[in-house]
Amino acid sequence: MREAFKKALTDEDYLKTVKNMGQTFEYVDPNAYAKELAEESEVIRQLLESAD
């Protein structure tokens, strides 16, 4: 299933459509996405703690 999503989400026609809609998109594999999400969660946690 991952390969099917990767193929669909890296398709040139799809990417052109996304760009024409004013959006940005970059395919990220599951491991890289999990790492990115964890990093963003840590930043948000620190911001929330500093807001107290």
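Specify which of the listed residues (A8, A51, A34) is surrounded by 11 or more Cβ atoms within 10 Å (Cβ to Cβ) and small (G, A, S). First the steps, then the outcome.
Numbers: A8 fails: surrounded by 11 or more Cβ atoms within 10 Å (Cβ to Cβ); A51 fails: surrounded by 11 or more Cβ atoms within 10 Å (Cβ to Cβ).
Residue meeting the stated conditions: A34.
With respect to (1) modelled with pLDDT under 90; (2) within 14 Å of the chain's Cα centre (by Cα); (3) exposed (fewer than 11 other Cβ atoms within 10 Å of the Cβ), the lone exception for R2 is condition (2).
Taking residues in the range 36-52 that are within 25 Å of E26 (Cα to Cα), and partners anywhere that are open to solvent by less than 90 Å² (accessible area, probe 1.4 Å), the pairs with Cβ atoms closer than 8 Å and at least 6 places apart or on different chains are E36/V28. Criterion first (surrounded by 10 or more Cβ atoms within 10 Å (Cβ to Cβ) and acidic (D, E)) does E40 satisfy it? In short, yes.
The values are calculated or read from the model by the stated rules, or taken from the named source; none is laboratory data. Just so it is clear, the structure is predicted and the values come from calculations on it, not from any experiment. Neighbour counts run over all protein chains shown; Cβ positions are idealised from the backbone, glycine included. Note: accessible area is taken over every heavy atom of the protein model, side chains too, but ligands, DNA and RNA are not part of it. Shrake-Rupley method; radii C 1.70, N 1.55, O 1.52, S 1.80 Å.
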